[in-house]
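Report on the following structure.
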Amino acid sequence: MALRSRRRWCSVVITGAGAGLGRELALGYAAQGCIVFGTAASSAEVQELRTASGGRVSLAVSDVTKFTKGRIWAEGVSEALDGAGLDLLINRSHVIPPSPLEAVPIDTARYVFEQNVLGAMSIINAFLPALRRSRGRILQIVDAMASTPVPFSGLAGATNAALDALLSAYRADLKPHSVHITTALMGRVQGSDASKTSALISAAEDMTPEQRELYGRQLATYAKRIGVPAADLLDARGAAALLIEILERDPAPSRVAVGADAEAVLKAIQHLSDDELDDMRLEPTATS
């Protein structure tokens, strides 16, 4: 595909830009001369990115999953743009701790849906006026593995399915206004599995004795397998560079897999039967 005539985004907003993939995306766009706004988890991340980018990245410590805080932050960014419009909004789904669905409290499930589905809707809606002014683009980053949830990731898969339906509706709603949406199915990125392993251990500790008897062995097997480094994992900088290149394609894709493992998942969904997909889902927790 042809590149977008070497167009460079003038203004970019990235949620979760203080570390990891979000940080590398922020620095990548700043290196192209863009002004980048985003959210971070701490004031230390805010200062580090401002220094590393030569002042082009301006982050705020804000929990955008809290709808009021997210709206206030978005209004502040829109004011800073001074009517110029927003060229690119990058929204990242939140990591959902793995757990058997039986062990997930309903209040936890409700909170997770608010984070990943209603939170995304809140942020998109807040920035739509600015995106329409510049005929901008939305990039939604989701976990590729949630597209065909393995055991203990059912909640992630459910929110991913809801978010996918939401994005499809947005895509249709916004096409007449020339605001385009790309969904990136992200594979594993180097360093991202450590937190998942810790979450699995915590999930086992939070279970009742009966639940540990039912699921403990499978959880331990899963934690051990995802802790083994894979040779073909992208690093955060490489993944960011690939996403930036994808968004410069003309036209940019509506959906794209990023990483060899993400491509394998997408291919499996397209070509395997339901029974074959079930067998594939069970592989990470097979104990024999």
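Overview of results
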| quantity | calculated |
| --- | --- |
| Residues within region 244-285 that are surrounded by 15 or more Cβ atoms within 10 Å (Cβ to Cβ) and polar (S, T, N, Q), tallied | 1 |
| Unmet criterion (only one of (1) within 26 Å of Lys175 (Cα to Cα); (2) under 19 Å from the mean Cα position of the chain (by Cα); (3) among the hydroxyl-bearing types (Ser, Thr, Tyr)) for Ser134 | (2) |
| Residue check for Ala156: within 12 Å of the chain's Cα centre (by Cα), touching a residue at least 12 places away in the same chain (Cβ under 8 Å), under 20 Å from Leu234 (Cα atoms) and part of a helix (DSSP H, G or I) | no |
| Qualifying position, being surrounded by fewer than 16 Cβ atoms within 10 Å (Cβ to Cβ), closer than 24 Å to Leu243 by Cβ and among the β-branched types (Val, Ile, Thr), among Thr15, Thr68, Thr51, Thr108 | Thr51 |
| Count of residues meeting criterion [modelled with pLDDT of 85 or more, aliphatic (A, V, I, L, M) and either surrounded by fewer than 22 Cβ atoms within 10 Å (Cβ to Cβ) or over 22 Å from Ala41 (Cβ atoms) (or both)] in region 88-105 | 3 |
| Enumeration of residues in region 95-118 that are without any contact (Cβ under 8 Å) to a residue 60 or more places away in the chain and under 12 Å from the mean Cα position of the chain (by Cα) | Gln115, Asn116, Val117 |
| Top-ranked residue in region 114-148 [being assigned to a strand (DSSP E or B) and in contact with a helix residue (DSSP H, G or I) (Cβ under 7 Å, 6 or more places away or on another chain); ranked as farthest from Ala184 (Cα to Cα)] | Arg137 |
| Residue in region 233-244 that is more than 18 Å from Leu88 (Cβ to Cβ) and at pLDDT below 85 present | yes |
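Conditions tested, residue by residue: (1) under 25 Å from Leu166 (Cα atoms); (2) at pLDDT 80 or above; (3) part of a helix (DSSP H, G or I).
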residue: Ile181; (1), (2), (3): yes, yes, no
residue: Gly191; (1), (2), (3): no, no, no
residue: Thr197; (1), (2), (3): no, no, yes
residue: Glu263; (1), (2), (3): yes, yes, yes
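The values are calculated or read from the model by the stated rules, or taken from the named source; none is laboratory data. All of these numbers come straight from a predicted model, not from anything done at the bench. We place every Cβ from the backbone using ideal geometry, glycine too, and count neighbours over all the protein chains shown.
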